[in-house]
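Following: one structure in structure tokens, then a few remarks.
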Amino acid sequence: LPIWIDMMENPKEAKALIGYLPEMRPLYKELTVDEYLTMAARLHRVSAKHISQAVETAKERCGLSHMSKRLIENLSNGYQQRVGIAQAIIHRPMVVILDEPTVGLDPIQIRDIRALIREVGRDHSVIISTHILPEVEMVCDQVQIIDKGRLVFNGSIDVLKRQRVGNKLLVGLRNAPGIGELLKVSGVAEAEALPSGLIRVRFEDGATAAESIVQTAVQHGWGLYQIAPDQTSLEDVFMQLTYQEQVISQEQSIA
């Protein structure tokens, strides 16, 4: 059964169910990994008889078993981040909050930490705060986008992905006709020649434009060599969402 605890009325009880890793890792670098995690377990009120097992479990889950006696200050950024995550999950909280978990890491470390976050997410609810939008798509199931204190998007990652795909195609034609000819193809609403030599085509909602373009290209010998969805970047989706919110706010202030 779910546990409901009021943060205002019972803050200590509520916080005991939360694991937290801020952007600035709260590490005592003069300690070894074992010493630090043992201290973290005590602070999180893990019972004395379970501390040793809790430390070993956290190390195993975070890939730190071979780092037990190493001083934290001698670990790489990636392994220090693993230690930070280990302290956040050592008391087996219901919710784990990670603030900018991959900032300052190299590409290999980022890949490993993202994999670790996905693994932790199997047993805990994980909340990530990040400005790295591709990271959201890689590790999250649900997304909230906040702009200037306003919630401008709240939905599943699948909904966000569908917004990326949209209703545009990138088409490559060796014998490309004029834009006017493309606009005659069933379902095509707009067409634009790009500097890359490809053509961006926007099609009407519900239209099977890709099929129509392929059939027409074959019939007229246009030399079709590429056709693929023109995906909008997550950054562009974010800008569209925040821009829409700004317009709404301006309209409300005028009214």
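The values are calculated or read from the model by the stated rules, or taken from the named source; none is laboratory data. Note that the structure is predicted; figures quoted are calculated from it, not measured. Quick reminder, even Gly has a Cβ in these numbers, built from the backbone with ideal geometry, and neighbours come from all protein chains shown. Just so you know, the surface numbers come from the protein's heavy atoms only, side chains and all, with ligands and any DNA or RNA stripped out. Shrake-Rupley method; radii C 1.70, N 1.55, O 1.52, S 1.80 Å.
Of the Cα atoms belonging to region 158-204, the radius of gyration and Dmax stand at 11.9, 37 Å. Counting Lys and Arg as +1 and Asp and Glu as -1, what is the net charge of the other residues whose Cβ lies under 14 Å from the Cβ of Gln109? Once all neighbours under 14 Å are counted, the net charge is 0.
How many percent of the accessible area of the chain is carbon or sulfur, using a 1.4 Å probe?
The C+S portion of the solvent-accessible surface of the chain is 53 percent.
Computed across region 22-156, the Kirkwood radius stands at 15.6 Å (inverse of mean 1/r, all Cα pairs). The tail of the calculated P(r) for the chain, taken as Cα-Cα distances beyond 34 Å, holds 42 percent of the pairs. The calculated 222 nm mean residue ellipticity attributable to helices in the chain amounts to -12500 deg cm²/dmol, summing -39500 (n - 2.57) over DSSP H runs of n ≥ 4 and dividing by all residues. The lysines within cross-link reach of Lys148, meaning a Cα-to-Cα straight distance under 28 Å and a gap of 8 or more places when in the same chain, are Lys15, Lys161. Report the local net charge at Ala41: Lys and Arg +1, Asp and Glu -1, summed over other residues whose C-beta lies under 12 Å from its C-beta. Combined, the nearby Lys, Arg, Asp and Glu give +2. The magnitude of the dipole of the chain, with charges of +1 and -1 set on the Cβ of Lys/Arg and Asp/Glu and taken from the Cα centre, is near 740 debye.
If we count every other residue with Cβ under 11 angstrom of Ala191's Cβ, Lys/Arg +1 and Asp/Glu -1, where does the sum land? Don't skip to the answer; put the middle values down first.
Details: positive: Lys168, Lys184, Arg200, Arg202; negative: Glu181, Glu190, Glu192.
Spelling it out: positives minus negatives among the neighbours equals +1.
Axis of helix 51-61 versus longest Cα principal axis of the chain: the two differ by about 20°, to the nearest ten degrees.
Under a 1.4 angstrom probe, counting protein chains only, how are Ser68, Ser52 ranked by accessible area, largest first? Each step should come with its number before you reach the end.
Details: Ser68 20, Ser52 85 Å².
Ranked list, largest accessible area first: Ser52, Ser68.
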